[in-house]
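The values are calculated or read from the model by the stated rules, or taken from the named source; none is laboratory data. Note that the structure is predicted; figures quoted are calculated from it, not measured. A quick note on method: Cβ atoms are made from the backbone with ideal geometry, for glycine too, and the neighbour counts reach across all protein chains shown. The protein model used for the area step is the full one, side chains on, heavy atoms only, and it has no ligands, DNA or RNA in it. Shrake-Rupley method; radii C 1.70, N 1.55, O 1.52, S 1.80 Å.
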4 protein chains.
Amino acid sequence: MLGDFNVRTDLALEAKESFGEEDVKIRGVRIEEETDEEREIYTTVVRIETENGARTMGKPVGTYITLEAPNMSSEDENYHREISEVLAGHLRQLLGEEEKTVLVVGLGNREVTPDALGPQVVGNLRVTRHIVKEYGRASLEGSAHPVSAIVPGVMAQTGMETLEIIRGVVRETAPQAVVVVDALAARSTRRLNRTIQITDTGINPGSGVGNHRNGINEEVLGVPVIAIGVPTVVDAATIVNDTMEHLIDTKERRQSLREQISPQLNTMFVTPKDIDETIKRVSYTISEGLNIALS
Amino acid sequence: MLGDFNVRTDLALEAKESFGEEDVKIRGVRIEEETDEEREIYTTVVRIETENGARTMGKPVGTYITLEAPNMSSEDENYHREISEVLAGHLRQLLGEEEKTVLVVGLGNREVTPDALGPQVVGNLRVTRHIVKEYGRASLEGSAHPVSAIVPGVMAQTGMETLEIIRGVVRETAPQAVVVVDALAARSTRRLNRTIQITDTGINPGSGVGNHRNGINEEVLGVPVIAIGVPTVVDAATIVNDTMEHLIDTKERRQSLREQISPQLNTMFVTPKDIDETIKRVSYTISEGLNIALS
Amino acid sequence: MLGDFNVRTDLALEAKESFGEEDVKIRGVRIEEETDEEREIYTTVVRIETENGARTMGKPVGTYITLEAPNMSSEDENYHREISEVLAGHLRQLLGEEEKTVLVVGLGNREVTPDALGPQVVGNLRVTRHIVKEYGRASLEGSAHPVSAIVPGVMAQTGMETLEIIRGVVRETAPQAVVVVDALAARSTRRLNRTIQITDTGINPGSGVGNHRNGINEEVLGVPVIAIGVPTVVDAATIVNDTMEHLIDTKERRQSLREQISPQLNTMFVTPKDIDETIKRVSYTISEGLNIALS
Amino acid sequence: MLGDFNVRTDLALEAKESFGEEDVKIRGVRIEEETDEEREIYTTVVRIETENGARTMGKPVGTYITLEAPNMSSEDENYHREISEVLAGHLRQLLGEEEKTVLVVGLGNREVTPDALGPQVVGNLRVTRHIVKEYGRASLEGSAHPVSAIVPGVMAQTGMETLEIIRGVVRETAPQAVVVVDALAARSTRRLNRTIQITDTGINPGSGVGNHRNGINEEVLGVPVIAIGVPTVVDAATIVNDTMEHLIDTKERRQSLREQISPQLNTMFVTPKDIDETIKRVSYTISEGLNIALS
């Protein structure tokens, strides 16, 4: 059972899988799957509809869309363009029809490669709010959302909670929606860098490579918060736990062993050696998805 | 006269020099000079005391301390340590005796070398606010100021005025003082990268390499704002103007020529080829000055 | 006359223009111009065919192709794709028909924004030599050139001449052609960041933002050397000289004034404030041109 | 026995420990230990003196000095200065008395944080060869070694073996000694970022975060090669193996389990979340050690 192993996953998809049997039904949770064979993009929508479902899944009520694209780390530019377009479609749906001012927040630490996804996405973003303010909305072609963006940094660099910075900026600039982009922890190395999760529940405490201490969501910011996440690491403790799970059959022995395993593992993560190239490509794909959705 | 040539300088010292004769007295402006022969550090304190003085100088009422250290771009670490200590002394005086929470803001664009001073200073800063919040003030040795820090980025990257971001963060985290660090424009190439200006007037509109559109000062933030600046560029238009000044004797011809000179020059700056090494060294010297002053 | 003013330009196009009248004929120099109205790309081919022409132009015998694209710093991706394709066409012609191993060298200092063009081009390049060595030529689709790449750094960082590093790598890995990419100095701010020069003469002493001390060309490397350059700076001394030229009519007075102008200007450059965005876009355009040409 | 578990360690100290009992004697291997209680620096010198010792240890004949400094990732600058001085002392001994030209090579990938140690060390190094060549040896104060430096990049970026680049540069510039700096893999998370290994055997195939395919040593370069390494990662497969070791008692079952564990683990590493700060501090400590030793 989830929780038994303190196994951490930021993916609703994996939370669901942890219940074992493929077609187990969880009360208050609806799941739809769609396979785009031609483009090799697999979409799963997990809708947590009740507080009961939320408790069982360990995630808040809301919609969790997962795109799985096995070749997402490949070099093929056309393939990336297709993922960007699918992503843009989901973003448009979550953002709603009418034009909105949108603040994009690139969470994470730009100095730690697998945590630099958010900062790199912001680096490729088309930012337009200042142009609209100066020259009017007509200065952007078509019907575009005025976009602002910030890379708040991490607590070790700023001495502040990320939430404090974002809340200050939101109060001062009053965007109508916030999109946060963050690197996530998955349970399985199999999902790393080939999965994008989009959710309207924002960021929740304990999630992200750097483990946010506070939630960043509509409740605390007062405007809708869409989160885009890509799993780029597995917690080191998770990998060891998962190995043990196959080897040890009694719950008691597992518990006792976990206590022996170096507590240092909790401050460590596992990531692929070519993470630099992956982050570069995937962040570009997400920036393009945002650029398409917001213009 | 200053203004005649649209010559831009962010240094009070140069504003004063533009009046020509060395010992001209300006009403409402007091000047003290001090020479530390041994350490080769020359200190000038310009005190603008009245609105009249402010008008004449083109700078707000307040104190402007300028350290000139000819070898500031050299590699000598001990020399840098000495500058850091002199800087720390001035900062302590401007900040006052009692312990304060301080927010350090690294202005400028980290992607443009001569404008990266502020971001690089923040990169070397000892940030402690989160430690104090978690473990109490006793967790820092001695009597230290809890320090937070932010690199807000520039408008082309964020779509927001720098002031909007800083004001939001100040409202949310309520520091008792703000220190902003910025790369400045000088009038003369002679001063580049060997001068530090410290002032209690904050940042004023039109100053900085990137030309801030709004002031960042006590009036708009509600807490004292100390600005630390180092001239790292000269405006391209200024260099050309200064050349002309020597060549053309009538005000009318100068005016007409300025109109012929490419308006593109106004969006360009002049900087030394080894600006990367200089920014690295000088930003380290300033971080150390802040680290000493704030702990 | 060129040289009189010590005016420095790395562009053959500007060297030619310095002779004044548009249709002046220089013996040993042939010029062709082509205008692609639809795509707004202006191509000039300067062929220096004799030693006499070389002396007059102050550039070695060879072919200099200049693409001028006024919107090259714009955000329009499709426009950039078109420039990349035109660039690829010229590169293919200079490289010849048959498959070749190619070493791409990103000259310049990655820490100084306007000099980071070469390093950033290499950062976006598709590098394949190691794949071909491991899996055979069939592992690349189509008929591709095995590509290797290096960013040698600048002398202040390495203590070595760039030529020493490149010559060592060429001797050890034996590429059949070398492509060097470098940021150049133009005479006029008007050409900055909107011009690409492609030449089969390599790099010549004194050229580039960082002023290479040695040539990097077929003579010293033993294989054909194609250079791709984009003017990103104007020498500070050039800007001042050009201003004076309009003001002062006698050669003697100009000479005397030049001597008064700060010699520091010779170690300074002029560049636009938004150089970070420009370098990012233009380097991407060139990488794509190389990726198309080499695969 | 080492090898049974395919456990990878780049540290001679750990290779020795894998033999279990603390005071086991290995024929052909001599070990000295020294404890500097005051400065909390523990030094172990492993001398592999015979081919037999080399086979048993899985490392070439030579001297391996390990400094263990538990507080090496702390912020205390004075402590770092002391480690730099101890390091400098060992380097001087390995380099010998007389003045030598030295090439420092920063191995690893500057884009992947735990692998960026080598590039960051080179970034802080005092490079002097070009000054000596231009102004003579007297231009450096004291008796200094002319120093050159290079960051060759990794194969995925260059398409070349690191060895090819280094051999080319060595042939062209003829240094009298080479110092390579590299991030290493340890067996235990306990040693990460608090251990420096200095050896006169250079780099051996399969070592380093990025797994060098070729040795970089005196045999292939023709001049003495000193390697400085800091373990910054543990192989993901090693962590899982070590966990299993405690759980499973028969060699056969271990073998069978290893085959089930995801082969992806072999391309993954484990590293601490604050690796950015550690790399910054430790690389600065090593640069200072080199700067002291070489001047």
Problem set entry | chain A: relative contact order in percent, alpha carbon pairs under 8 Å with at least 6 residues between | 23
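Using the per-residue mean of other Cβ atoms lying within 10 Å as a proxy for protection, in what order, highest first, do the peptides A:132-141, B:171-180, C:83-92 fall?
Details: A:132-141: 12.0, B:171-180: 20.2, C:83-92: 18.2.
Averaged packing, sorted descending, gives the order B:171-180, C:83-92, A:132-141.
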For this session: Would you mind working out the accessible area per residue for the protein assembly as shown, using a 1.4 Å probe, and quoting it in Å²?
Result: 41
Problem set entry | A/D buried area, accessible surface, summed, 1.4 Å probe, Å² | 2600
Seminar exercise, completed: Checking D:Q197, D:Q157, D:Q120 against a Gaussian network model of chain D (alpha-carbon springs below 10 Å), the top fluctuating residue turns out to be D:Q157
Exercise. Add -39500 (n - 2.57) for each DSSP H run of 4 or more in chain B, then divide by its residues: what number comes out at 222 nm, to the nearest 500 deg cm²/dmol?
Worked result: -10500 deg cm²/dmol
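Within 10 Å of each Cβ in C:126-133, how many Cβ atoms from other chains are there, averaged over the peptide? The partial results should precede the final answer.
Details: counts 2, 7, 1, 5, 8, 3, 1, 4.
So the per-residue partner count for this stretch is 4.
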Exercise. Hull surface divided by four, with the convex hull built on the Cα atoms of the protein assembly as shown: how many nm²?
Worked result: 48.2
Exercise. If each Cα of segment B:98-197 is one equal point scatterer, what is log10 of I(q)/I(0) from the Debye formula at q = 0.18, 0.21, 0.25 Å⁻¹?
Worked result: -0.91, -1.09, -1.30
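Using the Cα centre as the reference, give the magnitude of the dipole from point charges on the C-beta atoms of the protein assembly as shown (Lys, Arg: +1; Asp, Glu: -1; all else neutral), rounded to the nearest 20 debye. It would help to have the intermediate numbers written out before the result.
Details: 124 positive and 184 negative charges, 1 e Å.
Roughly 0 debye for the protein assembly as shown.
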Exercise. When each copy gets a label point 7 Å from Cα toward the beta-carbon at A:E33, what are the spacings between them in nm, shortest first?
Worked result: 5.6, 6.5, 8.1
For this session: On the full set of protein chains, 1.4 Å probe, figure out the accessible area of B:D200 and give it in Å² to the nearest 10.
Result: 70
Problem set entry | Among C:R191, C:R30, C:R281, residue whose mean-square fluctuation peaks in a GNM of chain C (springs only between Cα atoms under 10 Å) | C:R30
Exercise. What is the mean number of Cβ atoms from other protein chains located within 10 Å of the Cβ atom of each residue in peptide C:182-189, rounded to a whole number?
Worked result: 1
Seminar exercise, completed: Heavy-atom accessible area of segment D:130-190 with neighbours in place, 1.4 angstrom probe: carbon+sulfur share in percent works out to 49
Exercise. Using θ = phi - 60° and the Karplus curve 6.51 cos²θ - 1.76 cosθ + 1.60, what whole-Hz ³J(HN,Hα) does each residue of segment C:176-182 get, with Gly and Pro shown as x?
Worked result: 8, 7, 10, 10, 9, 10, 8
Exercise. For chains D and C related by rotation, which residue of D has the Cβ nearest the axis, and what is the rounded distance in Å?
Worked result: D:G168, 2
Exercise. Charges only on Cβ, +1 for Lys and Arg, -1 for Asp and Glu: so what's the dipole of segment C:2-293 about the Cα centre, in debye to the nearest 20?
Worked result: 880
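Averaged across the residues of C:62-70, what count of C-beta atoms belonging to other chains lies within 10 Å of each residue's C-beta?
Working: counts 0, 0, 0, 0, 0, 0, 0, 0, 0.
Per residue, the number of nearby Cβ atoms from other chains is 0 on average.
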Problem set entry | Nm distances between copies for B:Y135, ranked from closest, using label points 7 Å along Cα→Cβ | 4.5, 5.0, 5.2
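Within the set of other residues whose C-beta is less than 14 Å from the C-beta of D:A54, count the net charge using Lys and Arg as +1 and Asp and Glu as -1. Can you show the working numbers first?
Details: positive: D:K16, D:R27, D:R30, D:R47, D:R55, D:K59; negative: D:E49, D:E51, D:D200, D:E219.
Charge balance near D:A54 sits at +2.
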For this session: Report, in whole Å, the centroid distance computed from the Cα atoms of segment A:89-132 and segment B:270-293.
Result: 31
For this session: In a Gaussian network model over chain A where Cα atoms closer than 10 Å are linked, find which of A:N193, A:N109, A:N211 has the largest mean-square fluctuation.
Result: A:N211
Seminar exercise, completed: The local net charge around C:L140, scoring Lys/Arg +1 and Asp/Glu -1 for residues other than C:L140 whose Cβ lies under 12 Å from its Cβ, equals 0
Exercise. In nm, one decimal, shortest first: how far is the label point of A:E77 (7 Å from Cα along Cα to beta carbon) from the matching points in the other copies?
Worked result: 0.9, 4.6, 4.7
For this session: Return the tail of the calculated pair distribution for chain D, meaning the percent of Cα-Cα pairs more than 29 Å apart.
Result: 34
Exercise. Which percent, nearest 5, of DSSP beta bridges in chain B are antiparallel?
Worked result: 60
Problem set entry | Threshold 20 Å² - residues in segment D:265-282 whose accessible area is reduced by that much or more when the chain is no longer isolated, probe 1.4 Å | D:L265, D:T267, D:M268, D:F269, D:V270, D:T271, D:P272, D:K273, D:D276, D:E277, D:K280
Seminar exercise, completed: With x for Gly and Pro, the residue-by-residue ³J(HN,Hα) of segment D:204-219, computed from phi through the Karplus equation 6.51 cos²θ - 1.76 cosθ + 1.60 at θ = phi - 60° and given in whole Hz, is 10, x, x, 8, x, 4, x, 6, 4, 7, 10, x, 10, 8, 4, 4
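Given a cut-off of 28 Å, name the pairs among A:K280/D:K280; A:K59/A:K133; A:K16/D:K280 whose C-alpha atoms lie farther apart than that in the structure shown. Please list the in-between numbers first.
On the way: A:K280/D:K280 22 Å; A:K59/A:K133 38 Å; A:K16/D:K280 40 Å.
Checking Cα-Cα distances, A:K59/A:K133; A:K16/D:K280 exceed 28 Å.
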For this session: With just the Cα atoms of segment D:142-235, tell me how far they stretch along each of the three principal axes, in Å, largest first.
Result: 40, 39, 22
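Using only the Cα atoms of segment D:178-224, what semi-axes does the equivalent ellipsoid have when each is the square root of 5 times a gyration tensor eigenvalue? Give whole Å, largest first. Walk me through the numbers on the way to the answer.
On the way: eigenvalues 95, 30, 10 Å².
Output for segment D:178-224: semi-axes of 22, 12, 7 Å.
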Problem set entry | Using θ = phi - 60° and Karplus 6.51 cos²θ - 1.76 cosθ + 1.60, couplings along segment C:71-84 (whole Hz; Gly, Pro as x) | 9, 4, 8, 6, 8, 5, 5, 5, 4, 4, 4, 5, 5, 4
